[in-house]
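Visitor: Input: one structure, supplied below.
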Amino acid sequence: MSDPLWRPSAARIEATDIHRFMGEVRDRWGVEIPDYATLHRWSVTHRDQFWSTLWDHAGVIAQTKGETIVENGDRMPGARWFPQARLNFAENLLHRRDDAPAIIFKGEGQAPRVLSYAQLYALVARIAVALEAAGVAEGDRVAGFLPNLPEAIAAMLAVTSLGAVWSSCSPDFGDRGVVDRFGQIKPKVLFCADGYFYNGKRHDTVTRVPRLVEAIPSIERVVVVPYAEARPPLPAGVNATTLEGFIAPHAAGEIAFRRLPFDHPIYILYSSGTTGAPKCIVHGAGGTLLQHLKEHRLHTDIKAGERLFYFTTLGWMMWNWLVSGLASEATLVLYDGSPFHPGPEAMLDLIDETAINVFGTSAKFIDALKKAGMAPRRSHDLGSLRAILSTGSPLAPESFEYVYEQFKPDVCLSSIAGGTDLISCFALGCPALPVYGGELQCLGLGMKVEAWDDEGRSVIGEQGELVCCAPFPSMPVGFWNDPGDTRYHAAYFEKYPDVWCHGDYVEITEHGGMIIYGRSDAVLNPGGVRIGTAEIYRQVEQLDEVVEGLVIGQQWDNDTRVVLFVVLRDGLRLDADLLTRIRDQIRRNASPRHVPAKIIQVRDIPRTKSGKIVELAVRDVVHGRTIKNKEALANPEALEQFRGIAELAT
């Protein structure tokens, strides 16, 4: 077993919220909890006690909690958490109302803008009354087609305060992608901005709105948030007003939070949609709130007044995760724009400028800093930074080492993994545990997560399917327009009845962490040997010449052969020498089985709006299959270079 890259001091552990929580469990339930492993075992074997204790520990605001914690707790799906509870999601995020900063916003090339908790509450109050006056009622849907602005958070909180349902996507989605999502849920009101900035360029969005409204006739009102300019033109031919005009008739007062059942819908999120129309995943108020409180306070140790950042857009569930930081009285730091404009130092500058304590990003961002030769600990102060979170794809062991050698040696680096499906994590970090290279620190509390082999047996130290064997509060309420929950069952419970199969190929380590090897539906199987794609990426992307790779299994000669596509640094060609070094790197550090049969240079790698590479879409193109929904991709044009490659015909 390798040594940890970082270990928290005893004093640091004793100051964490999870340490206090362990004491509360001991005092309340008479259980000795000497370490995290014991706490996790208790949390999954006594789920009712765990979630009830978390509710009280986090101070959930509710009309009533109720006596029953879970009904039908052995049914998955079918369990009902806190069935007697009545609460409001927005009320729990807006309980602080002083002049402390709630949000610090920085747009690309702009000066920071600060919104206090009192100002945020007042803005939410006015939007809520305006929405009610516009006819928005409990259960109605309101959509946000917005950059990552403070006004987006205010609109969401106003919507959920009324018991209505919020859904959003970012303005870099094409028209078809927006209609494929919002068209299914029939929103009554659309919030949009006049434009946004990315990589030094202004992009217009307001002129697209009439086309969207025409395609989604349920939209009765459009509210435009000025961003690209102070007095933007309104979209032509639709019932539109600026945000200021929308709320002008309404004064800020007390918000009449509607306290509703625990599983009352607040969010509709979407699957990536790369294999068909996006699935509309409905999430409930109580499950979302409790999961995020757990992950923020116990797993990330976020405290009141700390500054929490995640690089995200409104098209990714990490936006919803970030916003819930208000429930822990954190200050949210929002950024909209390219993380590399005007240069690779942009986000490092933001850490110092806004004194970020918890910095959330992607594995690809960390790798890009590494390849750019950045040494943040020498170029920046980073004194405020105590935790780095990474998600989106597996973080390679070399990237862990880079963070501790070149970023900051005394920081808790937590790779986290879950998804839109659960609006939270199955495995993530813990401030009281050591960090091992290439591993997620721990399994989430209250989440009965295991790795199953081909016979459906739980295994440790071996690769297997990521499953969750017991219900948890943030399971989807269901899918939109899914009679009988047919698609919901097919998405998670078809492979193993009554067990959630997540679709990741993982290993649970001996010290309770997790290693992710890629999506199980993209696992390679040459000669009957299962290979996770992340194992190949890890080796290839260590080479300075390689910017990024994508690997698929191609059906060939009654078997599967491994095909690797690589994007190289500008001006480089995939010559015989580089081909040999790529193959040698993989053979030496993985195995001969991992060595691709074909290695082909491409210009770009197609990816989703949230930055995940789409191995399955490339595999379909290579095999001549139709791609059903290119609008789900950030760069759909990249797919064309994989079509009809002569080298793959031999």
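Visitor: Where in segment 299-389 are there strands (runs of 3 or more DSSP E), lying fully within it, with 3 or more residues that are within 17 Å of residue 413 (Cβ to Cβ)?
Guide: 307-310, 358-362
Visitor: Run down 134, 118, 111 and say which single residue is in contact with a Lys or Arg (Cβ under 6 Å, 6 or more places away or on another chain) and more than 25 Å from residue 268 (Cβ to Cβ).
Guide: 118
Visitor: Hey, another quick one. Of all residues being in a loop (DSSP other than H, G, I, E, B) and among the β-branched types (Val, Ile, Thr) in segment 65-94, which is farthest from residue 476 (Cα to Cα)? Just the residue, please.
Guide: 68
Visitor: Going by the conditions given, is residue 139 at pLDDT 95 or above, on the phi > 0 side of the Ramachandran plot and outside any helix (DSSP H, G or I)?
Guide: yes
Visitor: In the list 165, 225, 179, which residue meets the criterion of being under 25 Å from the mean Cα position of the chain (by Cα), free of Cβ contacts under 8 Å to residues at least 40 places away in the same chain and not assigned by TED's automatic domain parsing to the domain that holds residue 610?
Guide: Unique residue meeting the criteria: 179.
Visitor: Test of understanding: among 126, 97, which residue is basic (Lys, Arg), in contact (Cβ under 8 Å) with a residue 12 or more places away in the chain, over 18 Å from residue 312 (Cβ atoms) and part of a loop (DSSP other than H, G, I, E, B)?
Guide: Exactly one of 126, 97 is basic (Lys, Arg), in contact (Cβ under 8 Å) with a residue 12 or more places away in the chain, over 18 Å from residue 312 (Cβ atoms) and part of a loop (DSSP other than H, G, I, E, B), namely 97.
Visitor: Would you check if residue 345 is under 28 Å from residue 153 (Cα atoms) and out of contact with any strand residue (DSSP E or B) (no Cβ under 7 Å at 6 or more places or on another chain)?
Guide: yes
Visitor: Could you grab me the full set of residues in segment 569-606 that are within 31 Å of the chain's Cα centre (by Cα), more than 26 Å from residue 633 (Cβ to Cβ) and without any contact (Cβ under 8 Å) to a residue 60 or more places away in the chain?
Guide: 586, 589, 590
Visitor: Still on this structure: Given the options 287, 253, 245, 237, name the one that is out of contact with any helix residue (DSSP H, G or I) (no Cβ under 9 Å at 6 or more places or on another chain) and more than 24 Å from residue 313 (Cα to Cα).
Guide: Just one listed residue meets the conditions, 245.
Visitor: Among the residues of segment 244-271, which ones are in a loop (DSSP other than H, G, I, E, B), at pLDDT 95 or above and under 31 Å from the mean Cα position of the chain (by Cα)?
Guide: 255, 256, 257, 258, 259, 262, 263, 264, listed by residue number.
Residues are listed down the side, and each one gets a yes or a no for (1) among the small types (Gly, Ala, Ser); (2) at negative phi; (3) in contact with a Lys or Arg (Cβ under 7 Å, 6 or more places away or on another chain); (4) at pLDDT 95 or above:
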site	(1), (2), (3), (4)
2	yes, yes, no, no
5	no, yes, no, yes
11	yes, yes, no, yes
21	no, yes, no, yes
24	no, yes, no, yes
30	yes, no, no, yes
37	yes, yes, no, yes
43	yes, yes, no, yes
64	no, yes, yes, yes
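Visitor: Still on this structure, I have one more. Suppose we keep only residues that are aliphatic (A, V, I, L, M) and in a loop (DSSP other than H, G, I, E, B) within segment 220-238. Which one would you say is surrounded by the fewest Cβ atoms within 10 Å (Cβ to Cβ)?
Guide: Ranking the candidates gives 230 first.
Visitor: Right, another one. Just checking, does segment 195-213 include any residue being closer than 19 Å to residue 151 by Cα and of a type in the set (Asp, Glu)?
Guide: Yes, segment 195-213 contains a residue that is closer than 19 Å to residue 151 by Cα and of a type in the set (Asp, Glu).
Visitor: Test of understanding: among 241, 207, which residue is polar (S, T, N, Q), over 22 Å from the mean Cα position of the chain (by Cα) and either assigned to a strand (DSSP E or B) or not assigned by TED's automatic domain parsing to the domain that holds residue 135 (or both)?
Guide: Within the list 241, 207, the selection yields 241.
Visitor: Taking into account only those residues within segment 75-126 that are within 24 Å of the chain's Cα centre (by Cα) and of a type in the set (Phe, Trp, Tyr), which is farthest from residue 335 (Cα to Cα)?
Guide: Once the filter is applied, the top-ranked residue is 81.
Visitor: Here's something else I'd like to know. Conditions first: (1) in contact with a Leu (Cβ under 9 Å, 6 or more places away or on another chain); (2) part of a strand (DSSP E or B). Residue 555 passes all but one, so which condition is the exception?
Guide: Single failed check for residue 555: (1).
Visitor: OK, next. Only one of these is over 21 Å from the mean Cα position of the chain (by Cα) and modelled with pLDDT of 90 or more: 523, 547, 529. Name it.
Guide: 547
The values are calculated or read from the model by the stated rules, or taken from the named source; none is laboratory data. This structure is a prediction, so every number in the text was calculated from the model and none was measured. All Cβ positions, even for glycine, are placed from backbone atoms using ideal geometry, and neighbour counts span all protein chains on display.
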